[in-house]
Amino acid sequence: MASAERSFLLGELEQRRERLHTAVHDGANPELVRLLSEVDSALGRMGAASFGTCEACQGKIEADRLLSDPLLRFCLECLSQDEQRALETDLALAGHIQRGLLPRADFSPAGWRVHYHYAPAGPVSGDYCDVLETNDGLLFLLGDVSGKGVAASMMMSHLHATFRSLADAHLPLDQMVGAANRLFCESTLANQYATLVVGRACRDGAVEFVSAGHLPLVHIQSGGACLNEATGIPLGMFCDARFPVHRLQLAPSDGLFLFTDGLSEAENPQGEPYGIHRVQDFAAHHNGSAPQRLVSEYLSDLSSFSAGAKQADDLTVLALQRAS
């Protein structure tokens, strides 16, 4: 485990111990006493450099699980069947909660058509997708947080809550993303970050967006499709980072297509990636298509390209089209 992660967990454990110690002295609760003992044990393992080592096989406990629960003492392979079933139940519940954070499938904002596809590679996902109407226009977001598993899904949920709380604050887009970045920096480790596109669309077709280190946003027009590259660095890298705003004007039936690397990095049996330029070319040949049809055609093309290969990464795409 990286030193930044160890320092973060040490601070978390010390804070937890202080709160538990106060609670135990306020009243003798057996459960609090047990938790305090577990925290003391974890701090002892950290001091002895055995923290993160499985007590059964002496292998490494998965880093994302430790970030979620620093009291863990066993790796996944050494869990009992009952413990594995309990973990599977927890992951299924976490996945259900994540899906509950997604926009409604029948979401129909004024002046726009919207459709998305969200497909985690496992029970939980690090992909982030949201679309909502605000007083300042249609806010759309799509991104990908670093890492895998539970830790990534927790960061995704954190982003969702942050932007939802900022959505109607009447902030210029660069200030909104800057505020979210500061909050994200203060609550994550040095090696945790998120790439994402945050955009705002008005009924007259005016669109502004910030791309924090994310894959290109595809602007689909009658004459083809243009790639709009990132305008800033990923969220969480530097607390004082700035996020320039890029502006577009969409004509009726023009659209936008956003995607995570589960699309562009998907491989065929020969190990060749789907690629960003294939994403662009496909959009250019399907300009004018309604979002639902566009997404469906992409998924069909991806299925043909990958020839049945197992999905290796979370896949999320989002298509928007200005209504005629």
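For segment 191-324, treating each Cα as an identical point scatterer without solvent, what Debye log10 I(q)/I(0) comes out at q = 0.14, 0.17, 0.21 1/Å? The computed values of log10 I(q)/I(0) come out as -0.66, -0.93, -1.25. Could you tell me which label, among (i) 129; (ii) 185; (iii) 159, carries the value of volume of the Cα convex hull per residue in Å³ calculated for this structure? Only one option fits the structure, namely (iii). Take the Cα radius of gyration of segment 131-222 and divide it by 2.2 N^0.38 Å, N being the number of residues; the result is 1.11.
Taking the chain as a Gaussian network of alpha-carbon nodes connected by springs under 10 Å, the highest mean-square fluctuation of the residues Val24, Val198, Val295 belongs to Val24. Considering only Leu215, Met46, Leu139, the residue lying farthest towards the positive end of the dipole of the chain is Leu139, judged by Cα position with unit charges set on Cβ.
Heavy atoms of the protein chains alone define the surface here; on that basis the chain has 48 Å² accessible area per residue at 1.4 Å probe size.
Compared with the dominant principal axis of the Cα atoms in the chain, helix 81-100 is inclined by about 40°. Compared with the dominant Cα axis of the chain, that is its longest principal axis, helix 3-26 is turned about 60°. Amide H to amide H, with H built 1.01 Å from N, Asp314 comes under 5 Å of Ala121, counting only residues 5 or more places away or on other chains. Rounded to the nearest 10 degrees, the angle from helix 173-186 to the longest Cα principal axis of the chain is 20 degrees.
Solvent exposure of Arg104, expressed as accessible area, is near 150 Å², computed with a probe of 1.4 Å over the protein chains only. Helical content alone sets the calculated 222 nm signal of the chain at -13000 deg cm²/dmol, taking -39,500 (n - 2.57) per DSSP H segment of four or more residues and averaging over every residue. Multiplying each eigenvalue of the alpha-carbon gyration tensor of segment 95-144 by 5 and taking the square root yields semi-axes of 22, 11, 9 Å, largest first, rounded to whole angstroms. A cut-off of 5 Å between modelled amide H atoms, ignoring neighbours fewer than 5 places along the same chain, links Thr53 with Ile61. If you run the Gaussian network model on the chain, springs between alpha carbon atoms under 10 Å, then out of Asp314, Asp204, Asp106 the most flexible one is Asp106. Split the accessible area of the chain by element, probe 1.4 Å, and carbon with sulfur accounts for 51%. Comparing mean-square fluctuations of Ser157, Ser165, Ser146 from a GNM of the chain with C-alpha springs under 10 Å, the top value falls on Ser165.
Both radii were evaluated on the Cα set of segment 236-298; the Rg over Rh quotient, with Rh as the Kirkwood radius, amounts to 1.08. The charge dipole of segment 188-278, taken about the Cα centre with unit charges on the Cβ atoms of Lys, Arg (+1) and Asp, Glu (-1), comes to about 300 debye, rounded to the nearest 20.
Per-residue Karplus couplings for segment 202-208, computed as 6.51 cos²θ - 1.76 cosθ + 1.60 with θ equal to phi - 60°, are listed in order as 9, 5, 7, x, 6, 10, 10 Hz, Gly and Pro entered as x.
The values are calculated or read from the model by the stated rules, or taken from the named source; none is laboratory data. If you're wondering where the values come from, they're calculated on a predicted model, not measured in any experiment. Neighbour counts are summed over all protein chains in view; Cβ atoms, including those assigned to glycine, are modelled from backbone coordinates with ideal geometry. Remember, those area values only see protein heavy atoms, side chains included, never the ligands or the DNA or RNA. Shrake-Rupley method; radii C 1.70, N 1.55, O 1.52, S 1.80 Å.
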